[in-house]
Every structure is written in C-alpha cells, then in structure tokens.
Ligand SMILES: Nc1nc2c(ncn2[C@@H]2O[C@H](COP(=O)(O)OP(=O)(O)OP(=O)(O)O)[C@@H](O)[C@H]2O)c(=O)[nH]1
Ligand SMILES: [Mg+2]
C-alpha cells in the first residue's frame, strides 16, 4: 500500500467521521433524506472505499441485479454449475443476498463486508473452489422492484460495495420504471455494467427485435454509448436443470469468459479503478450537496430565530409605547394598589401571549416552522410559567413603588396616597391626586414617574425574555455544529486532491 493510498484513506476516514458526527434535525422529509444520504456516504467510505484501498488485491465484487423473476439466481447457478442460490416460481425468491466466493476468500465476507446484513443473518455465503472465484466474488441480490422495500435496500447495500454490476433483464420484462430508476443509481455510482438479456425466444427475428429495442433504451438512458445489441449478453429460454437449478454451461459461456478476463491483473486493476474513481466522484459531489443542505438548514434556523425575536421585540415596543401613554392597564373603578398590581400581572401575561402568537404565526409561514409548532407543544400561547413570572415581576414593581413612596413621605396616609397615585398614573395614566402633588412640589413628580416607568420597563422585558426563551431553546436543540458546512467542503476538497494524486 503506497503512501498516496494512505493519505487518501486518511482523508476519506476524516470525511466519514465528520459526516457521521451530526444529524439533520429540522422536521420533515428533507432532513430524513439528508440523513439517508449521509448514511450512504459513510457506508460507501467505510465499507467500500477504505477496505479497497487497504486491500487492493481483494477479489472484484460483482453484484447481479435485475427485476424479480428475470433469472438472476438461475444465472449464478449456471455460472457456478451447482445450486448456490435458490431459484423458484414464487416472486420474489431471493430475499437476501447470496455471496458466491472461493474458499480462500470466504473469511473476507464473514464480517466487515455488509456488517449490518451479516449481523441480521441476512447474508448467505457459498464458498467453493471454482477458478473464476479466485479473482471474482459474485453476489446474487434481491430485486429492486419496490422503492422502500427491504429487498431494494439490500440491493442498494450490495451495490454500494460492488466493483461491477451485472444487470439481468428478461425478454418479458426489460423496460420498466423501477429498472431505469435503479440503473440510474448504478450509473451515478460510476460502476461498470454488464447487460444480460435472459429468456430470449429461439426465433432469430424476434430476438433481434428485442435486443435492438433493449440496446436503444439503454443508449437513450445513457447506459450504453451505442445502441449496439452486441454489447448485450444473450441467454436463450431453455430447460432449467433441477440438479443445479441452472442452465447448461454453454448457455452462459460468453458471460463466464468475459468475467474470467478479470483474472488478468491489468483488467482487474482497471475495473477496480473505474469503480472506486466513480464512487469517489459521487462521494465528492454528494458531500458538497450535503454541505449545501447544512447551509440551508442553518439559514432556516436563523430565519426562525429572527422571526421569534422580531415578534417579541414588536410586542415589547408596543408595551413601551403604551407605558408612555399610560395605557398598560385600562382605567377602571378599582384603583387600589393591590388591584392594579394584579391587573399589571395579567397585562404582562397577555402581552407574552400576544408575542407568542405572533412568533407562532411567523413560524407557521415556514415549512420547518410548521413542523416545529407541531412537535413543540404550546408555542401558540404564552408559556405555562409566565403567569407566575408576571405575578412576581408585577409584585416586585409594586414593592419598588412603595419604597419610592416611603423615602418621600413620612406619614402612613401620605405614603399610601403617594403609592396609589404613582401606581395609577404609571399604569393607567390617571392623574395624581392634587393634594399629593401639592405636598411633594411639582419638580419631584416627573423624576419619580420616570423612575417608576423605567422600573416597569425592566419588568416587561424580563417577562418577555422568559417567554421568548422557549422559542430559542426549541431552535438550540436543532443547531448543527459550528462551521460544519465549511469543514465538509474542506474534507471533500482534500479527498478530491488526494484522489487526484492516487489515480495519477
Ligand atoms: N424454463 C426456463 N425458466 C427460467 C429460465 N430462467 C429463469 N427461469 C425461471 O424463472 C423463474 C425465476 O428465476 P430466478 O432465477 O429465481 O429469478 P430471480 O431473478 O432470481 O428472481 P428473484 O430472486 O425473485 O429476484 C424460475 O422459476 C426459473 O426457473 C430459463 O432460461 N428457462
Ligand atoms: Mg433470485
């Protein structure tokens, strides 16, 4: 293993660690999709690229894929000349991957290769002594028909660790949507593909029509450079031998000899190179896309934070304005201090509720915000701790007013008058009683009122902040690590540079 392989391996591992260290947290399918992408890239690095770099001489892994019933398992048994994998009339038959390998390589596939499938006993290994398997391991994969099925997932898992893909279509079914979708994935991954058309009728004219049509479709889907039927391997419909659940060796001789070329070191190296280079290019592209997704998520979180903070700031500004105009509490018959302090507490609570509603309205305009409103309870109204906090803030303010009065009036009755006068004036705009004004002298009143108002500003701000903190903490739990997108880009640039050196 050369040093350029070592540094490529190191930068790949660093990228995997970075990708593996976070989760997309905003609700909705974009995060789910982002996390799936992330997992796939980590798998591709840890289960395919790094092991390949560590052990470049391990057998080439070829995965056999195709629609259910196209004859994938028949093909494998035919190549092996024995019943390696189950063939059957029930669809689907192959429920989990079957690895056909040489005895001397068997250990490689027992663990580390598709560890999740191994752990779930979902990987079977058939080891023998066929010369073909000295350089090549074949994997019979389950079908990929339905997008979210277990079999599709397993087919994709095998695809992620393969160097080569053998696509088996049948003459009855070779052009459906699931096939193109899956083949698109194979192409993105840059894997070399062998195309096989199975169960062809004997009639030469029909055969040619079918093969030409298939070749044209492959060309149209960017899977072949030329619509050339000679690039497709043909297998004629014939009796399946029950002894090995396969066809006679002649039926697959051309495929076998093509695969046998892998034993040539130069070709083998070329296949591995094409496949790893393809995987690396896809990795770099998709990592950049994920970094973009991280940026978008960071922006969304910041936007929601801004929305909430603007809603509370607006309500606070309104409260300040009302305070200026003496309309924090509505003028009413009851003007005793305890009564007004109680009214103040409910006014503060109500304003926190207004701010919460306004913030929730802002969030509801946003896809992620809507999801968060569903997950985090009670954001449409003030927090459950607000009435208590508002009660305390109002009581403290009332206390402060009494203290101001105590410092300025010696007698109990005057103190009471002054306390009530100041309270009513600040909260409701009611004039102070003329006798209070007389006793204090005009010039003291504005200073006292200002002190009382300032003290109330602090109380209002405190209650609002307590309530706004709920929105802040919902968002804080979603935050991605600082500088993550930049690091992802830097790691992928590094992989790209090291890959350039390695493949030069
Ligand atoms: N007579 C005949 N039957 C075939 C031929 N190829 C496949 N079959 C039959 O087609 C059916 C499907 O073959 P399989 O090899 O199990 O198909 P598969 O692609 O592995 O299907 P899944 O495992 O379900 O994804 C079986 O009943 C086979 O016996 C053939 O050339 N001739
Ligand atoms: Mg099968």
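The values are calculated or read from the model by the stated rules, or taken from the named source; none is laboratory data. For clarity, every value in this text was computed on a predicted model and none was experimentally measured. Glycine gets a Cβ as well: all are built from the backbone with ideal geometry, and neighbour counts include every protein chain shown.
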> In region 229-272, which residues are closer than 10 Å to residue 78 by Cβ, within 13 Å of ligand 1 (Cβ to nearest atom) and out of contact with any helix residue (DSSP H, G or I) (no Cβ under 8 Å at 6 or more places or on another chain)?
Replying inline: 241, 250
> Given the structure, is residue 255 surrounded by 13 or more Cβ atoms within 10 Å (Cβ to Cβ), in contact with a strand residue (DSSP E or B) (Cβ under 8 Å, 6 or more places away or on another chain) and modelled with pLDDT of 95 or more?
Replying inline: yes
>> So, in region 68-111, exactly how many residues are more than 10 Å from ligand 1 (Cβ to nearest atom), in a strand (DSSP E or B) and in contact with a strand residue (DSSP E or B) (Cβ under 6 Å, 6 or more places away or on another chain)?
In response: 3
> When you scan region 131-143, how many residues do you find that are assigned to a loop (DSSP other than H, G, I, E, B) and either farther than 17 Å from residue 88 by Cα or away from ligand 2 (no atom under 16 Å from the Cβ) (or both)?
Replying inline: 1
> Consider residue 4 against the criteria (1) farther than 30 Å from residue 293 by Cα; (2) in a helix (DSSP H, G or I); (3) modelled with pLDDT of 95 or more: it satisfies all of them except one. Which criterion is unmet?
Replying inline: (3)
> Quick one: residue 158 ticks every box in (1) away from ligand 2 (no atom under 16 Å from the Cβ); (2) within 27 Å of residue 40 (Cβ to Cβ); (3) touching a strand residue (DSSP E or B) at 6+ places or on another chain (Cβ under 7 Å) bar one, so which box is it?
Replying inline: (1)
> Here are some conditions: (1) more than 25 Å from residue 40 (Cα to Cα); (2) more than 16 Å from ligand 2 (Cβ to nearest atom); (3) buried (at least 17 other Cβ atoms within 10 Å of the Cβ). Residue 219 meets all but one. Which one does it not meet?
Replying inline: (3)
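Every residue, every condition in (1) in a loop (DSSP other than H, G, I, E, B); (2) farther than 25 Å from residue 176 by Cα; (3) free of Cβ contacts under 8 Å to residues at least 24 places away in the same chain, yes or no:
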site: 187; (1), (2), (3): no, no, no
site: 196; (1), (2), (3): no, no, no
site: 199; (1), (2), (3): no, no, no
site: 223; (1), (2), (3): yes, no, no
site: 230; (1), (2), (3): no, no, yes
site: 244; (1), (2), (3): yes, yes, no
site: 251; (1), (2), (3): no, yes, no
site: 254; (1), (2), (3): no, yes, yes
site: 258; (1), (2), (3): no, yes, no
>> For the condition over 24 Å from residue 112 (Cβ atoms) and surrounded by fewer than 21 Cβ atoms within 10 Å (Cβ to Cβ), what is the one hit in 13, 82?
In response: 82
>> Quick check on this structure: which one of 132, 194 is in contact with a strand residue (DSSP E or B) (Cβ under 9 Å, 6 or more places away or on another chain), modelled with pLDDT of 95 or more and surrounded by fewer than 19 Cβ atoms within 10 Å (Cβ to Cβ)?
In response: 194
> Which one is farthest from the chain's Cα centre (by Cα), of the residues in region 12-28 that are closer than 29 Å to residue 501 by Cβ and outside any helix (DSSP H, G or I)?
Replying inline: 21
> What's the number of the condition residue 19 fails, among (1) surrounded by fewer than 21 Cβ atoms within 10 Å (Cβ to Cβ); (2) touching a helix residue (DSSP H, G or I) at 6+ places or on another chain (Cβ under 7 Å)?
Replying inline: (1)
> Hey, does region 433-452 have a residue that's without any contact (Cβ under 8 Å) to a residue 40 or more places away in the chain and surrounded by 19 or more Cβ atoms within 10 Å (Cβ to Cβ)?
Replying inline: yes
> Just a yes or no: is a residue in region 69-83 more than 13 Å from ligand 2 (Cβ to nearest atom) and farther than 26 Å from residue 265 by Cβ?
Replying inline: yes
> So which pairs qualify, if the first residue must be in region 57-83 and more than 24 Å from residue 190 (Cα to Cα), the second must be within 13 Å of ligand 2 (Cβ to nearest atom) and assigned to a helix (DSSP H, G or I), the Cβ gap must be under 6 Å, and the two must be at least 6 apart or on different chains?
Replying inline: 83/77
> Taking region 147-177 on its own, how many of its residues are within 12 Å of ligand 1 (Cβ to nearest atom) and either surrounded by 19 or more Cβ atoms within 10 Å (Cβ to Cβ) or within 26 Å of the chain's Cα centre (by Cα) (or both)?
Replying inline: 11
>> Among the residues of region 50-59, are any away from ligand 2 (no atom under 16 Å from the Cβ), under 31 Å from the mean Cα position of the chain (by Cα), under 23 Å from residue 151 (Cβ atoms) and surrounded by fewer than 18 Cβ atoms within 10 Å (Cβ to Cβ)?
In response: no
>> Given (1) out of contact with any helix residue (DSSP H, G or I) (no Cβ under 8 Å at 6 or more places or on another chain); (2) buried (at least 21 other Cβ atoms within 10 Å of the Cβ), identify the lone condition not met by residue 99.
In response: (1)
> Do any helices (runs of 4 or more DSSP H) entirely within region 315-417 hold 2 or more residues that are free of Cβ contacts under 8 Å to residues at least 24 places away in the same chain and surrounded by fewer than 17 Cβ atoms within 10 Å (Cβ to Cβ), and if so, which?
Replying inline: 337-364, 386-408
> In this structure, is residue 211 farther than 18 Å from residue 253 by Cα, surrounded by 14 or more Cβ atoms within 10 Å (Cβ to Cβ) and in contact with a helix residue (DSSP H, G or I) (Cβ under 8 Å, 6 or more places away or on another chain)?
Replying inline: yes
> All but one of (1) within 16 Å of ligand 2 (Cβ to nearest atom); (2) over 20 Å from residue 164 (Cα atoms); (3) in contact (Cβ under 8 Å) with a residue 12 or more places away in the chain hold for residue 104; which doesn't?
Replying inline: (1)
